[in-house]
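> Here it is, the structure, as structure tokens.
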Amino acid sequence: MKKQILAALLGASLCVSATAATLNVGTEATFAPFEFMDEEKREITGFDIDMIKAIAKAAGHEVKIQNMGFDGLIPSLQTNVIDAVAAAMTITPQRQRAVKFTEPYYQSGLVVLINKKDEGTIKEVANLEGKRICAQIGTTGAMMANRIKNANVTLFNSVTEAFMDLKSGGCQAVLNDKPVVEFYLARRNDDTVKILPQVLEAEYYGFAVSKRNQKLAAELNKGLETIKANGEYDKIYQKWFGNTK
Ligand code: ARG
């Protein structure tokens, strides 16, 4: 009896490792240029997507992208719904207690986006006290917003909704990642909003895996090293940000 169970378990685990060549990668695709929907091709594209594909390829894996809410990513890793997260996710001590991050692959920071008509009264972060602030649920922007005194914080499922709420006069400021806000402004050529000059905090993005999957973390780190050394990282960087670091 025991032997049978053991055999069944072994069989099951063999199945798992046989299909493990495909990495299920979770993302939240409203975060251009890191991950967003290419409306023509009807597929998710962006810097992170190119990066994780190149890194996984270097490690011998294929990638399947799965879109979900940002606040669902870490729980999905922990329950093995996905194998890795590629979602411009900032490496924070709090998240490091829950998941394993790769080495950082991108340096970012948080900025404040406001309506231009408020530039006389909102000049710096200190002026955000007591204001209506919006951010994307589960993000470092949301965490920062919650730390601002007396702020009235609204959290949205997507950054796009937060931007729209700002423009329609709902909130007075959006807290979000600098490169994403800059990309949004550049794409829309929108001069009714502006970014405050102050960058709130330096942040580093990492890919995340389950703490139980140290092997995958090591493989992804090795892949990251490989694409940095062979020029592929620079190529991907240039494709999305226009200049090499
Ligand atoms: N860097 C921020 C964070 O880790 C925001 C990331 C949001 N990413 C996304 N794909 N929507 O909290």
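> Under the rule of -39500 (n - 2.57) per DSSP H run of 4 or more residues, summed and divided by the residues of the chain, what mean residue ellipticity at 222 nm is obtained, to the nearest 500 deg cm²/dmol? Present the calculation step by step, with values, prior to reporting the outcome.
Numbers: 9 runs with 94 residues, N = 245.
Theoretical 222 nm ellipticity from helices: -11500 deg cm²/dmol.
> Quick check for me: using +1 on Lys/Arg Cβ and -1 on Asp/Glu Cβ, what's the dipole size of the chain about its Cα centre, in debye to the nearest 20?
720 debye
> Rounded to the nearest Å, what's the spacing between the alpha carbon centres of the stretch 199-245 and the stretch 41-85? Just the number, please.
The stretch 199-245 and the stretch 41-85 have Cα centres separated by 13 Å.
> Just to confirm the number: angle between the C-alpha axis of helix 2-19 and the first principal axis of the chain, 0 to 90 degrees, nearest 10?
Tilt of helix 2-19: around 50 degrees.
> What part of the accessible area of the stretch 77-123, given as a whole %, is carbon or sulfur when the probe is 1.4 angstrom?
Values: 960 of 2050 Å².
Ligands and nucleic acids excluded, carbon and sulfur reach 47 percent.
> Report the one residue of Gly206, Val99, Ala151 whose Cα lies farthest in the direction of the positive end of the charge dipole of the chain (charges on C-beta: Lys and Arg +1, Asp and Glu -1; origin at the Cα centre).
Selected residue: Val99.
> OK, next. Taking the stretch 125-197, which GluC sites (Glu not before Pro) meet the DSSP loop condition and have no more than 12 other C-beta atoms within 10 Å? Walk me through the intermediate numbers first.
Working: sites: Glu129, Glu161, Glu182; in loops: Glu129.
Of the GluC sites (Glu not before Pro), the ones in loops of the stretch 125-197 whose Cβ has at most 12 other Cβ atoms within 10 Å are Glu129.
> Please pull out the direction-averaged projected area of the chain, using the convex hull of its alpha-carbon atoms, in nm² to one decimal place.
On the way: hull surface 61.8 nm².
Result: a mean projected hull area of 15.4 nm².
> Skip the ligands, DNA and RNA, and give the accessible area per residue of the chain with a 1.4 Å probe, whole Å². Don't skip to the answer; put the middle values down first.
On the way: 12670 Å² over 245 residues.
Roughly 52 Å² per residue, with all protein chains present.
> Here's another thing I want to ask about it. In the Gaussian network model of the chain, springs joining C-alpha atoms below 10 Å, which of Lys57, Lys178, Lys215 carries the largest mean-square fluctuation?
Top of the fluctuation ranking is Lys215.
> Same structure again: What is the angle, in °, between the Cα long axis of helix 178-188 and the longest principal axis of the Cα atoms in the chain? Nearest 10 is fine, range 0 to 90.
On a 0 to 90 degree scale, this one is about 70.
> Counting Lys and Arg as +1 and Asp and Glu as -1, each charge on the Cβ, what is the dipole of the stretch 165-206 about the Cα centre in debye, to the nearest 20? Display every interim value, and only then the final one.
On the way: 5 positive and 7 negative charges, 34 e Å.
Taking the Cα centre of the stretch 165-206 as origin, the dipole is about 160 debye.
> Let me ask you something else. So which chymotrypsin sites (Phe, Trp or Tyr not before Pro) in the stretch 107-183 end up in coil per DSSP with only 11 or fewer other C-beta atoms within 10 Å?
On the way: sites: Phe156, Phe163, Phe183; in loops: none.
Of the chymotrypsin sites (Phe, Trp or Tyr not before Pro), not one in the loops of the stretch 107-183 has a Cβ with at most 11 other Cβ atoms within 10 Å.
> Just flag the trypsin sites (Lys or Arg not before Pro) in the stretch 96-194 sitting in loop per DSSP whose Cβ has no more than 14 other Cβ atoms within 10 Å.
Answer by residue number: Arg97, Lys123, Lys149.
> Further question: Which whole-number percent is the relative contact order of the stretch 40-199 (Cα, under 8 Å, 6+ apart)? It would help to have the intermediate numbers written out before the result.
On the way: 200 pairs, mean separation 40.2, N = 160.
That works out to 25 percent.
> Quote the Stokes-Einstein diffusion coefficient, in whole µm² s⁻¹, for the stretch 97-214, based on the Kirkwood radius over alpha carbon pairs, a temperature of 20 °C and a viscosity of 1.002 mPa s. Could you put the intermediate results ahead of the total?
Values: Rh = 14.9 Å.
Taking Rh from Cα pairs, D becomes 144 µm²/s.
> Can I ask one more? Label the stretch 64-116 by shape, choosing from rounded, prolate and oblate, from the square roots a ≥ b ≥ c of the eigenvalues of the Cα gyration tensor; if a/c is under 1.5 it is rounded, and otherwise prolate applies when a/b is larger than b/c, oblate when it is not. Before the final figure, lay out the partial values.
Working: a/c = 2.09, a/b = 1.57, b/c = 1.33.
The shape class here is prolate.
The values are calculated or read from the model by the stated rules, or taken from the named source; none is laboratory data. Here the structure is a predicted model, which means the values were calculated and not measured. Positions of Cβ are generated from backbone atoms using ideal geometry, with glycine treated the same way; all protein chains shown enter the neighbour counts. Note: accessible area is taken over every heavy atom of the protein model, side chains too, but ligands, DNA and RNA are not part of it. Shrake-Rupley method; radii C 1.70, N 1.55, O 1.52, S 1.80 Å.
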